[in-house]
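What follows draws every value from the coordinates through simple rules; no lab data is involved. Since the model is a prediction, treat every value here as computed from it, not as a measurement. So basically every Cβ, Gly included, is an ideal-geometry build from the backbone, and we count neighbours across all protein chains shown.
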Amino acid sequence: MNNLFSPINLSGLELPNRIFMPPLTRSRGPNDAATEQVALYYTQRATAGLIVSEGSPISQEGQGYFYNPGIFTPEQIAGWRLVTDSVHSVGGHMFVQLWHVGRISHTSIQANGGAPVSSTDKAADNAMAFGRDDNGNIGFVPSSKPRALETEEIARVVGDFVQAARNAMEAGFDGVELHAANGYLFDQFLNPFINDRTDRYSAKTVEGRLRFTLEVVDAVGAEIGMNRIGIRLTPYGVIGSVPMFDDTEETFVALGKALGDRGIAYFHVMDQTGFFNTPEGQKPTSDAIKELLIKWRSVAPNTAIFLDGGMTKAKAEELILNGVIDMAGFGQAYIANPDLVARFRNNWPLNPADRATYYTGGAKGYIDYSPYRVPAPAHA
């Protein structure tokens, strides 16, 4: 029987346990590149079976937040190489999350103050980017109105993903995760209430709404191998101004089968079914996610399933024992507990995370969380 501490072979990559560190935006790249401090942060957490990096923009166009290490310039590739060399030196494994935010960006981030691009020209109401306000101050700002990509432009965006995957291999990553969640560019094609296109990417059919995602997977797989690709998805998610739609399960089962047939390494789901901002009357239960994962098992039996979002050790153990998932992710717990694997293995208490320091820059709340220290035995 498998548990959290059982090893797993992930498409040829031997991982020591089934605990993964999910992507966590921390805004610690002052020049949009990873630094020695970023390398230390990830290395402190390298006992995870797998680390998935914070979202790494594939291009300036794909960027929605300042201070996030990208993967499209030589300096950024070199910065990530610092990280992977350090993580690998202590036996860790790491994928980079490739990120294009689509419409969840701001003109202050885009080249020459241009509009962000998307499947649509509809703004992402209530979605925030991390850019400059009218006074030049950096912070959270409302996303700017996008422009819809022309049909012939989409191949260029696909090419940007391919180049980013090539850069990831140069930077020493073990693989790439496509960020197809949280209302970013992939979701903007997948969701029929966002995607209002009339071309071959139209969301009026399941085939049309899947087309962009599958084109990126096919192109990246041809470059680095399908076994080096994971994908993050948020079925029933509402982050990033994503409306819920009726045939969610049909769409994601079809996507799962198509990706399983291609032989990608894993599906990574962030369970948002309990999120506070889901509209009343539309909130599915976590059983909806569980049912989808079980269906993926039947249509993509050789693809690993990762789950995070509201995860506890007990829940993870149950889902792994019952074969529903293969690996469990713990986001906020990893912010504050670099030695999370040891804490879980020994049932040691967890440090609380300091939310006020999540995006502030600097060492505080980033690399200064202490590992657990076993109390000295009391003297008689």
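What the table shows:
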item: Residue-span extension gain [Leu13 to Gln60] - 0.36 nm each, minus C-alpha spacing; result: 13.8 nm
item: Virtual spin-label span in nm between Trp348 and Asn135, 7 Å along Cα→Cβ; result: 4.4 nm
item: Selected from Asp160, Asp174, Asp247 as most flexible by GNM, with the chain as the system and alpha-carbon contacts under 10 Å; result: Asp247
item: Spin-label pair Asp125/Ile294, simplified geometry with 7 Å Cα→Cβ offset, distance in nm; result: 3.7 nm
item: Using a Förster distance of 30 Å, the FRET efficiency for Glu150-Ser6 (Cβ separation, nearest 0.05); result: 0.05
item: Debye intensity ratio in log₁₀ form over the Cα atoms of region 159-304, taken at each q of 0.12, 0.18 Å⁻¹; result: -0.48, -1.07
item: Candidates Asn227, Asn351, Asn126: whichever shows maximal mean-square fluctuation once the chain is modelled as a Gaussian network with Cα springs under 10 Å; result: Asn126
item: Label of the coordinate-derived value, Cα extents along the principal axes in Å, listed as (i) 78, 50, 43; (ii) 69, 46, 46; (iii) 64, 45, 35; result: (i)
item: Share, in percent, of DSSP beta bridges within region 8-357 that are antiparallel, nearest 5; result: 20 percent
item: Computed over the chain: relative contact order in percent, which uses C-alpha pairs under 8 Å that are six or more apart; result: 16 percent
item: Residue-averaged [θ]222 nm for the chain, counting only DSSP H segments that reach four residues, each worth -39500 (n - 2.57); result: -9500 deg cm²/dmol
item: FRET efficiency estimate (nearest 0.05) - Cβ-Cβ, Val90 to Lys257, R0 30 angstrom; result: 0.20
item: 10 Å Cβ shell holding at most 15 others, DSSP loop, GluC sites (Glu not before Pro): longest site-free stretch of the chain; result: 1-149
item: Among Val242, Val90, Val341, residue whose mean-square fluctuation peaks in a GNM of the chain (springs only between Cα atoms under 10 Å); result: Val90
item: Reciprocal of mean inverse Cα separation for region 1-131 (Kirkwood radius, Å); result: 15.9 Å
